[in-house]
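The values are calculated or read from the model by the stated rules, or taken from the named source; none is laboratory data. As the structure is a computational prediction, the values presented were derived from the model and not from experiment. Cβ placement follows ideal geometry from the backbone for every residue including glycine, while neighbour counts extend to all protein chains displayed. Protein only, heavy atoms only, side chains kept; ligands, DNA and RNA dropped before computing areas. Shrake-Rupley method; radii C 1.70, N 1.55, O 1.52, S 1.80 Å.
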Amino acid sequence: MREKSRSMTFQPEVDAALRARLTALCAEGWALWDRFDEEVRAHRFHPFVAAEYDAVVEALMAHRGPNLKFLEWGAATGVITIAADLLGFDAYGIELEPDLVATARALAKRYESRAKFVAGSFLPTGYRWRSRDGDARTGTLGTGESGYRELGYALDDFDVVFGYPWDGELELMVDLMNRYGRADAILLLQHVTDGVVAYRGGRSILT
Ligand SMILES: C[S@@+](CC[C@H](N)C(=O)[O-])C[C@H]1O[C@@H](n2cnc3c(N)ncnc32)[C@H](O)[C@@H]1O
């Protein structure tokens, strides 16, 4: 994971009021992340690292449209799911750690967002990862009850899905989307070095 860009220069087509809310949300997200880094990550490993919020918001803008459902895998403090809601998506986040889910729900309330968060795993019940060379390790991904039942939706109900994989987890996320997502859905992945990359049907696409 690398040092993040914190610049906030959203596209001009976003109206001023929305731009101001997104900018405030991202700034609050960075403050939450800084506190989490100090209070938790300084003492023990934790897989929560904040994505490049401005780059993710730009990618969401490129893929927004009427009546689209958005899902964030590993939503942490909820910033990206809430941004998706503010941009007009019907937005949901699944996060394994209940304390982070509570933080995300509180943040959504402060932004009068309808984004919904559930505590659980974004891995569907029965999903098994195996890489091409047979490796079944899932990196930093934790285990727990799948969150889709509580969400009330399956992975193939979503039009746009976002994830921030650690090294070695990207292939798993692409595989998961291929096997359980809709063939025409977009998977947005935050790459450690290449920014946010969009995939459809298992292949990266230009946005
Ligand atoms: C790299 S962080 C990304 C956080 C957030 N999406 C962002 O980009 O700012 C990964 C998050 O996934 C969560 N997580 C790990 N395994 C998970 C699982 N199986 N299901 C749901 N969340 C998981 C971690 O607790 C962590 O908050």
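Can you tell me the FRET efficiency between residue 136 and residue 112 if r is taken as the Cβ-Cβ distance and R0 is 35 Å, rounded to the nearest 0.05?
Given R0 = 35 Å and the Cβ-Cβ separation, E is 0.25.
Using helices alone, what [θ] at 222 nm do you get for the chain, with -39,500 (n - 2.57) per DSSP H run of 4 or more residues, divided over all residues and rounded to the nearest 500? Present the calculation step by step, with values, prior to reporting the outcome.
Details: 6 runs with 68 residues, N = 207.
Taking each H run of at least 4 residues, the total per residue is -10000 deg cm²/dmol.
What whole-number value in Å² describes the accessible area per residue of the range 125-207 for a 1.4 Å probe?
On the way: 4780 Å² over 83 residues.
Normalised by residue count, the accessible surface of the range 125-207 is 58 Å².
If you find the alpha carbon centre of the range 117-159 and of the range 14-48, how far apart are they in angstrom?
If you average the Cα positions of each part, the centres end up 25 Å apart.
With charges set only on the Cβ (+1 for Lys and Arg, -1 for Asp and Glu), what does the dipole of the chain come to about its Cα centre, in debye to the nearest 20?
Magnitude of the dipole: close to 240 debye.
Please state, rounded to one decimal and in Å, the Kirkwood hydrodynamic radius that the chain gives when every pair of distinct Cα atoms enters the mean of 1/r.
On the way: mean 1/r = 0.0584 Å⁻¹.
Averaging 1/r across every pair of different Cα atoms and inverting gives 17.1 Å.
So what is the orientation-averaged projected area of the range 72-126, using the convex hull of its C-alpha atoms, in nm²?
Mean projected area for the range 72-126: 3.3 nm², to one decimal.
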